[in-house]
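The next block holds one structure in the form of structure tokens; read it before the comments.
The values are calculated or read from the model by the stated rules, or taken from the named source; none is laboratory data. Just so it is clear, the model here is predicted, and its values are computed rather than measured. No Cβ is skipped: glycine too gets one built from the backbone with ideal geometry, and neighbour counts run over all protein chains shown. Surface accessibility is based on the protein's heavy atoms, side chains included, excluding ligands, DNA and RNA. Shrake-Rupley method; radii C 1.70, N 1.55, O 1.52, S 1.80 Å.
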Amino acid sequence: MAGQKTAQVSITWSYWGNPWEVRVNERIIEVFESENPDIKVNSLHKPWSEYFQHVDGWLLSDNPPDVLFLTSVQRYIERGYLASLEPLIAEDGYDTGDFYPQLLSLFRYRGELYGFPRDNDTKVIFYNKNLFDRAGLDYPQDNWSWDEFFTTANLLTRPGEQQYGVAHSRDWLPMLMWQNTLSAADQQPYSREHMVNTPEGVAALAWFVKLIRQTSPLQYIDVTTSEAVRYFTRGQAAMLFGNHAVVPELLQYRGINWAVAGLPRGKVRVNKIGGAGYVISEKSAKKAAAWRFLKWLASQKGQAIFTESGAMMPSRQSVSRSRVFSQLKDPAHARVFIKETLLGIKKVDYVNDGKIDDILSRHLNEVLLDKGDFDRAMQQVKQDVEGLNGGD
């Protein structure tokens, strides 16, 4: 019949995020639906702290979310929860060449692609230019060393003035491990067991404990990013380790003249390639509509909307080179993130890493509270780690 409306398909999109991120996603849905009136997108939101408690149940149910925002997707692929995008890509002739290849590789399994990356977890050093100026110190230079970083943090630490060199977070540990143990020809990330059982790994931990003791306002290992950001935004920490997700909060503090520098180098200069992305449930009964939404989320327009918020390093090369990204702070800021992305290697999740993180925190926190000796604490760490493997 002439003028008859096309039936609307309803799909569900699950994601985590803080309230500001929910607002961005709601805007994304609004723009998508205005361009695709035959598809209705329903949100299924949980905060990060709860999200992954629900994902397996959702995917096992008879009515899972059609599109999901996920990270560490390999285990979901292995369990058959996610749909391969290869047939959809082939049917559309979809071009994936604009994505950073390292990021796209996170969503490949046995040669097939199961999702598109939204962003990258590349780490940088944020620094307060005013505190550097007050101390008469040069700003961090490209290719600086960890020794230079340590010296700088020490010079910026003035406990009597409630000023410290660096607000750390536990996310440093993989980077320190890789930079101390990798060679230029060896790009395989190491597990936490390597950190505990190799001289290079133990040296990285000793360095980290010394850094915290001498230059950080927070005297324990497992500091969250939000805790570290609070000290930086109050001007009580001159440097901050983090990713682009902290930028929206930093942009709110007009009184801080901040900039970014690449990570210092160890034996080699590497960074982390990682991040979350969009996938389709294998059980989705509406894969055609889910695919249209997934493509739009990962499109230049979809990424630009999220990039405008300042929250992410885009996974599309074209968006990372665009004004929408480079003008968030200044072009030099964008160039640092792009360069560090190109230095990234893939994070690998090992079975015992989370348990070993807990063991390290328990024993090294005692050291930081001056209740123990580092060498004795590491002996106990090794014993506890051996216990995870049945004493092998």
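Points worth noting:
- When 49, 105, 72 are checked against the criterion of being touching an Asp or Glu at 6+ places or on another chain (Cβ under 7 Å) and more than 21 Å from residue 285 (Cβ to Cβ), 72 stands alone in meeting it.
- Residue that is modelled with the lowest pLDDT, among those in region 336-375 that are among the polar types (S, T, N, Q) and in a helix (DSSP H, G or I): 341
- Residue match in region 284-292 (condition: in contact (Cβ under 8 Å) with a residue 12 or more places away in the chain, over 23 Å from residue 94 (Cβ atoms) and out of contact with any strand residue (DSSP E or B) (no Cβ under 7 Å at 6 or more places or on another chain)): no
- Among residues that are farther than 28 Å from residue 226 by Cα and without any contact (Cβ under 8 Å) to a residue 12 or more places away in the chain, residue 90 is included.
- Residue under evaluation residue 189, criteria (1) surrounded by 14 or more Cβ atoms within 10 Å (Cβ to Cβ); (2) in contact with a helix residue (DSSP H, G or I) (Cβ under 7 Å, 6 or more places away or on another chain); (3) at pLDDT 90 or above; (4) not in a helix (DSSP H, G or I), criterion not met: (3)
- Taken across region 291-301, residues that are part of a helix (DSSP H, G or I), touching a Leu at 6+ places or on another chain (Cβ under 6 Å) and among the aromatic types (Phe, Trp, Tyr) do occur, with at least one present.
- Of the residues making up region 27-47, those that are surrounded by fewer than 13 Cβ atoms within 10 Å (Cβ to Cβ) and at pLDDT 95 or above are 30, 34, 35, 37, 38, 42.
- Counting the residues of region 376-389 that are more than 17 Å from residue 192 (Cβ to Cβ) and at pLDDT below 95 gives 0.
- Residue within region 83-96 that is closer than 30 Å to residue 342 by Cα, open to solvent by less than 10 Å² (accessible area, probe 1.4 Å) and modelled with pLDDT of 95 or more present: yes
- Filter result for residue 126 (out of contact with any Leu (no Cβ under 7 Å at 6 or more places or on another chain) and within 23 Å of residue 329 (Cα to Cα)): no
- Residue 75 vs. criteria basic (Lys, Arg) and within 30 Å of residue 288 (Cβ to Cβ): yes
- Residues within region 135-147 that are open to solvent by 50 Å² or more (accessible area, probe 1.4 Å) and modelled with pLDDT under 95, tallied: 4
- For region 263-308, residues that are closer than 30 Å to residue 141 by Cβ and open to solvent by 10 Å² or more (accessible area, probe 1.4 Å) total 7.
- Any hit, region 109-126, residues being surrounded by 16 or more Cβ atoms within 10 Å (Cβ to Cβ), aliphatic (A, V, I, L, M) and free of Cβ contacts under 8 Å to residues at least 40 places away in the same chain: yes
- Filter result (of a type in the set (Ser, Thr, Tyr), in contact with a strand residue (DSSP E or B) (Cβ under 8 Å, 6 or more places away or on another chain) and not in a helix (DSSP H, G or I)) within region 205-238: 216
- Conditions (1) surrounded by 14 or more Cβ atoms within 10 Å (Cβ to Cβ); (2) of a type in the set (Lys, Arg); (3) more than 30 Å from residue 197 (Cβ to Cβ); number of the one not met by residue 347: (3)
- Once region 101-151 is narrowed to residues that are hydrophobic (A, V, I, L, M, F, W, C) and part of a loop (DSSP other than H, G, I, E, B), the residue that is farthest from residue 209 (Cα to Cα) is 137.
- Whichever residue in region 57-82 is in a helix (DSSP H, G or I), open to solvent by less than 60 Å² (accessible area, probe 1.4 Å) and touching a residue at least 24 places away in the same chain (Cβ under 8 Å) and, among such residues, is nearest to residue 17 (Cα to Cα): 58
- Test: residue in region 14-22 that is open to solvent by 80 Å² or more (accessible area, probe 1.4 Å), charged (D, E, K, R) and touching a residue at least 40 places away in the same chain (Cβ under 8 Å): no
- Within region 345-360, residues that are of a type in the set (D, E, K, R) sit with their Cβ atoms under 6 Å from residues that are open to solvent by 50 Å² or more (accessible area, probe 1.4 Å), at 6+ positions apart or across chains, in these pairs: 349/72; 355/388.
- Residue match in region 20-27 (condition: farther than 20 Å from residue 295 by Cβ, assigned to a loop (DSSP other than H, G, I, E, B) and not β-branched (Val, Ile, Thr)): no
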